[in-house]
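> Let me begin by handing over the structure; questions about it come next.
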Amino acid sequence: MIEQGVVEVGTRGLGLSGRGVAELRVDGREVRANLPVEERVEALLAGLDGGGADGGGSFGACPYTTAWLGRLRDPGGAVRYPRSLRWLVEHQRADGSWGGEVAFPHDRTVCTLAAVVALTDAGASPPGRADAVRAGLAYLRGHSTGWRRAPVGETMGFELAVPLLLGVASARGLDLPYRDWDDLARTRQGKLELIPRERLLSEPTSLLYSLEAIGADPAHRALARFSGPDGSLANSPSATAALWSAGGGGAAAGYLDDLARRFPDGGVPSLYPTEVFETAWVLHNLQRAGLADARRPGAARAARWLRALLGTHGRLGLSAGFPLADPDDSAMAIIVLHAAGHDVLGLLDGLLAFEGERCFVTYPGERDGSVTPNARVLEALALRRAAYARPMAKVTGFLLDARREGAWWYDKWHVSPYYATAQVTYALTRATAMRLDGTLRWLLETQRPDGSWGWYGRGTPEETGCAVLNLDALARQGARVPVSVWDGARRYLRRHLDGPFPEMWVGRGLYTPLAVSSSTVLAGAVVAAARSSHTAAP
C-alpha cells in the first residue's frame, strides 16, 4: 500500500515488463500489475497498418447514413441496397426512434427523420415497414422540440439535413408538427451562404461531407473531381450517394458497392475509411500508458505508415484520401510520431496554416472554435515551446475561456465532457505549469460508487478510461489522488475491457470508433492498475 493512501508522482515511466505485466515507477519504487493486456495491445496494433481491422476503420453503423443508402435506386427503379432498409427496420429502438444509445435529441431527430423518409420512399417494402414508420412518426411528434433544450450534442450538418428531410416528409403528407422546426430553415440558409454554390462547385469545402443535405442538383456531378482514390466524396457514404444520384459516375458506385460488401448486414458507418484518425488516436492512447514503444513491431509499423502520409507539409485529414486537412489529425500525427522517435518537429510550422483570429480553425467556415483540436495543437506546439510562444498563448487563452465551472470542458466532437477534459488537461499540463485544482476536484467528486465515471446517468468504460488518463496527467504534475480512486477505477475497467461502448462520438449521428474506444479503456485499465494499491492481484 502506498503511504497515506495517495500516489504522488514526479517523473516516472510506465510500460510493459513481460507478458501482460504493467510496470510503473512511483518515487523510485517499482510496482507491477498483472493485466490481460498483451494480446489486446497486439490486436489493436495489428489493425493499424494502414487501415482498421476491416481495411479502413472500426466505426459502428449509423442509421442516418444507412437511410441514405436505402434511398438509392438503380436506373430501372429497383432498390439498390435493400439490406439497408431491412437494417433500419431491425434496428429501430423500442421508443420508435433511431440513433445512439445515449438519447441525444439532435441524433435521435435526424436519424429518425432520415429513416422514416427512407422507409416511405416508393418501392421501400422491407417486412415491418408500416409499423416502423408509424412508430417513428409518433416519436418525432412526441419529441419535436427536444433539440431546442439540449445544451450540447448538435450532430454535424443537423441544420442542413433536418429542413431538407422535413420538406420531403411534408410533400408526402406525413403527420408531423413542422412548425416546431421552423428556426432550422433560417439556420440552413445562413450555413449555405457561408459556402455559396459557386464556391462549392469550384473547390473542396466542408460541405462536401454533407452533400446529400444540400439538395438534389445535377450540377453536383462536377464534384466527382474531388473524390478520393476509392471513389468516395469526403469519405462520406451519404454524400457519395448524393454524388452518384447526381450522375457522379462509376467510381462513386464502386465505393458504395464495396461498402455494401464490407457491411453485409446493411448498416453502414457515417464515415469510411478513417484510418489516419484511428491510427493516430489509438497510438496516442497506448503511448500514454506505455503500451506502444518502438520495441513493438506493430507500433513501429503503424508509425512508419503515418510518417509517410504526413509527408513534408505536416498536414493530414482523417484519411489518406480525405480532401481537407485539419489541425486535429495533423497535430496528433506529429505528437505520436515524435513519441515514436521520428524527427517531425520541423513540421510544426504546418499547423500555423489553421490559425484563426481567436483559435485554430478545424475547417474554413467553422461557426465556433473546437476545443479538442485546439488542445491537440497546444500539445504539439509544446514540443518546441520557445518557437511557438505566441500561438500557444492564444490557444491557452481560448481553452481557459471555454472551461466550464472552472473545471471541465465540452467539445462538439464527443458528447461526454470526460473526453474533452482529458484532452485539454493533458495539453495544458504538457504546455504550462498552471494548476488545475478545479478539474481535479470535479474528477474526484464525480466518480461513481462502482469506480466508474459517466455523464449520462451511469458509468461507461470509455468515459472511465478518459477520467483515469485525465487523473494520470494531473498526478504527473504532483496532484494527490487517493489510492481508493485508482482502486475503484481498476476494478471497474478490469471488468469492462470489452465494453459496452455506447455511441458518444459526434458525426452525422452518434457513433463509436471501436478501436479508439477500446484503446482508451485498455490504457486507462493499465494506468489504474499500476497506480492501484492492489498491483499484485488486480
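The values are calculated or read from the model by the stated rules, or taken from the named source; none is laboratory data. If you're wondering where the values come from, they're calculated on a predicted model, not measured in any experiment. Heads up, the Cβs are rebuilt from the backbone with ideal geometry, glycines too, and the neighbour counts pull from every protein chain shown.
Here is a yes/no grid of residues against (1) modelled with pLDDT under 95; (2) among the β-branched types (Val, Ile, Thr); (3) touching a strand residue (DSSP E or B) at 6+ places or on another chain (Cβ under 6 Å):
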| position | (1), (2), (3) |
| --- | --- |
| GLY15 | yes, no, yes |
| GLY18 | yes, no, no |
| ASP27 | yes, no, no |
| ARG32 | yes, no, yes |
| GLU38 | yes, no, no |
| LEU45 | yes, no, no |
| LEU48 | yes, no, no |
| ARG86 | no, no, no |
| GLN92 | no, no, no |
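> Looking at ALA239, ALA299, ALA260 in this structure, which one is farther than 30 Å from ARG73 by Cα and among the small types (Gly, Ala, Ser)? Let's see the steps before the verdict.
Working: ALA239 fails: farther than 30 Å from ARG73 by Cα; ALA260 fails: farther than 30 Å from ARG73 by Cα.
On inspection, the qualifying residue turns out to be ALA299.
A quick yes/no check of all residues on (1) more than 30 Å from PRO269 (Cβ to Cβ); (2) in contact (Cβ under 8 Å) with a residue 60 or more places away in the chain; (3) in the same structural domain as GLN287 (by TED's automatic domain parsing):
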{"site": "LEU436", "(1), (2), (3)": "yes, no, yes"}
{"site": "ARG441", "(1), (2), (3)": "yes, no, yes"}
{"site": "GLY459", "(1), (2), (3)": "no, no, yes"}
{"site": "ARG480", "(1), (2), (3)": "yes, yes, yes"}
{"site": "TRP486", "(1), (2), (3)": "yes, yes, yes"}
{"site": "ARG491", "(1), (2), (3)": "yes, no, yes"}
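> Considering only region 282-322, how many residues are free of Cβ contacts under 8 Å to residues at least 12 places away in the same chain and in a loop (DSSP other than H, G, I, E, B)?
2
> Here's something else I'd like to know. For residues that are within 19 Å of ALA422 (Cα to Cα) and surrounded by fewer than 18 Cβ atoms within 10 Å (Cβ to Cβ), tally how many sit in region 475-491.
Summing the residues that are within 19 Å of ALA422 (Cα to Cα) and surrounded by fewer than 18 Cβ atoms within 10 Å (Cβ to Cβ) in region 475-491 gives 4.
> With respect to ARG93, is the statement that it is of a type in the set (D, E, K, R), under 24 Å from GLY457 (Cβ atoms) and surrounded by 23 or more Cβ atoms within 10 Å (Cβ to Cβ) true?
Against the criterion (of a type in the set (D, E, K, R), under 24 Å from GLY457 (Cβ atoms) and surrounded by 23 or more Cβ atoms within 10 Å (Cβ to Cβ)), ARG93 does not qualify.
> Also, I was wondering about something else. So if I check each of THR429, THR372, THR439, THR421, which one is among the polar types (S, T, N, Q), crowded, with 20+ Cβ neighbours inside 10 Å, in contact with a helix residue (DSSP H, G or I) (Cβ under 8 Å, 6 or more places away or on another chain) and closer than 30 Å to PRO204 by Cα?
THR372
> One residue is enough: does region 393-406 have a residue meeting the conditions under 27 Å from ARG307 (Cα atoms), hydrophobic (A, V, I, L, M, F, W, C) and out of contact with any Asp or Glu (no Cβ under 8 Å at 6 or more places or on another chain)? Quick ask: steps written out before the conclusion?
Filtering region 393-406 down to residues under 27 Å from ARG307 (Cα atoms) leaves 395.
Those left that are additionally hydrophobic (A, V, I, L, M, F, W, C): 395.
So of that shortlist, the ones also out of contact with any Asp or Glu (no Cβ under 8 Å at 6 or more places or on another chain) come out as 395.
Yes, that holds for at least one residue.
> Next up: Looking at ALA171, ALA234, can you tell me which residue is modelled with pLDDT of 90 or more and within 19 Å of THR274 (Cβ to Cβ)?
Exactly one of ALA171, ALA234 is modelled with pLDDT of 90 or more and within 19 Å of THR274 (Cβ to Cβ), namely ALA234.
> Let me ask something else. Pick from region 55-76 the residues that are surrounded by fewer than 24 Cβ atoms within 10 Å (Cβ to Cβ) and among the aliphatic types (A, V, I, L, M): which of them is farthest from the chain's Cα centre (by Cα)?
Within region 55-76, the match that is farthest from the chain's Cα centre (by Cα) is LEU72.
> Next question, about the same structure. How many residues, within region 82-116, are closer than 29 Å to THR279 by Cβ, in contact with a helix residue (DSSP H, G or I) (Cβ under 8 Å, 6 or more places away or on another chain) and not in a helix (DSSP H, G or I)?
3
> Further question: Quick check, is PRO269 in a loop (DSSP other than H, G, I, E, B) and under 18 Å from GLY70 (Cβ atoms)? Outline the logic, then answer.
Values: in a loop (DSSP other than H, G, I, E, B): yes; under 18 Å from GLY70 (Cβ atoms): yes.
Criteria met by PRO269.
> Spot the failing condition for MET434; the list is (1) over 21 Å from HIS284 (Cβ atoms); (2) surrounded by 24 or more Cβ atoms within 10 Å (Cβ to Cβ), and only one is missed.
Result: MET434 passes all but (2).
> Give just the number: which of (1) small (Gly, Ala, Ser); (2) assigned to a helix (DSSP H, G or I); (3) at pLDDT below 95; (4) more than 24 Å from GLY100 (Cβ to Cβ) does ALA130 not satisfy?
For ALA130, the exception is condition (3).
> Working carefully through the options ARG376, ARG390, ARG430, ARG358, find the one that is outside any loop (DSSP other than H, G, I, E, B), within 30 Å of ALA150 (Cα to Cα) and either out of contact with any Phe, Trp or Tyr (no Cβ under 6 Å at 6 or more places or on another chain) or free of Cβ contacts under 8 Å to residues at least 60 places away in the same chain (or both).
When all the criteria are applied, what remains is ARG376.
> Mind checking which residues of region 412-424 are in a helix (DSSP H, G or I) and in contact with a strand residue (DSSP E or B) (Cβ under 9 Å, 6 or more places away or on another chain)?
Within region 412-424, PRO417, TYR418, TYR419, ALA420, THR421, GLN423, VAL424 qualify.
> Let me ask another. Would you mind finding the one in GLY247, GLY254 that is of a type outside the set (S, T, N, Q), in a loop (DSSP other than H, G, I, E, B) and surrounded by fewer than 23 Cβ atoms within 10 Å (Cβ to Cβ)?
That would be GLY247, the only listed residue that is of a type outside the set (S, T, N, Q), in a loop (DSSP other than H, G, I, E, B) and surrounded by fewer than 23 Cβ atoms within 10 Å (Cβ to Cβ).
> What is the one condition in (1) free of Cβ contacts under 8 Å to residues at least 60 places away in the same chain; (2) closer than 18 Å to ASN374 by Cβ; (3) not hydroxyl-bearing (Ser, Thr, Tyr) that GLU445 does not satisfy?
Looking at each condition in turn, GLU445 falls short on (2).
> Tell me which residues, restricted to region 232-242, are in a helix (DSSP H, G or I) and under 15 Å from THR205 (Cα atoms).
ALA239, THR240 - these are the residues of region 232-242 that are in a helix (DSSP H, G or I) and under 15 Å from THR205 (Cα atoms).
> Now a separate question. Are there any pairs, at least 6 apart or on different chains, whose C-beta atoms fall under 7 Å, with the first in region 210-229 and under 11 Å from SER245 (Cα atoms) and assigned by TED's automatic domain parsing to the domain that holds GLY167 and the second surrounded by fewer than 19 Cβ atoms within 10 Å (Cβ to Cβ) and not hydrophobic (A, V, I, L, M, F, W, C), and if so, which?
Within 7 Å, the pairs are PRO218/GLY247; ARG221/GLY247.
> Which one of these is out of contact with any Ser or Thr (no Cβ under 9 Å at 6 or more places or on another chain), within 15 Å of PRO327 (Cβ to Cβ) and modelled with pLDDT under 95: GLU366, GLU357, GLU379? Please lay out each step first, then the result.
On the way: GLU366 fails: out of contact with any Ser or Thr (no Cβ under 9 Å at 6 or more places or on another chain); GLU379 fails: modelled with pLDDT under 95.
The unique qualifying residue is GLU357.
> Suppose the filter is among the β-branched types (Val, Ile, Thr), at pLDDT 95 or above and closer than 18 Å to VAL516 by Cα; does THR279 pass it?
yes
> Further question: Sort through ASP450, ASP401 and tell me the only one that's over 22 Å from the mean Cα position of the chain (by Cα) and over 22 Å from SER370 (Cβ atoms). Quick ask: steps written out before the conclusion?
Working: ASP401 fails: over 22 Å from SER370 (Cβ atoms).
When all the criteria are applied, what remains is ASP450.
> Right, next: Can you tell me which residue within region 160-176, out of those that are in a helix (DSSP H, G or I) and of a type outside the set (Gly, Ala, Ser), is farthest from GLY136 (Cα to Cα)? Lay out the reasoning, then the answer.
As a first pass, look at region 160-176 and keep what is in a helix (DSSP H, G or I): 160-171.
With of a type outside the set (Gly, Ala, Ser) added as a condition, the list becomes 160, 162-166, 168.
Details: LEU160: 20, VAL162: 15, PRO163: 17, LEU164: 17, LEU165: 14, LEU166: 13, VAL168: 15 Å.
Looking at residues that are in a helix (DSSP H, G or I) and of a type outside the set (Gly, Ala, Ser), I get LEU160.
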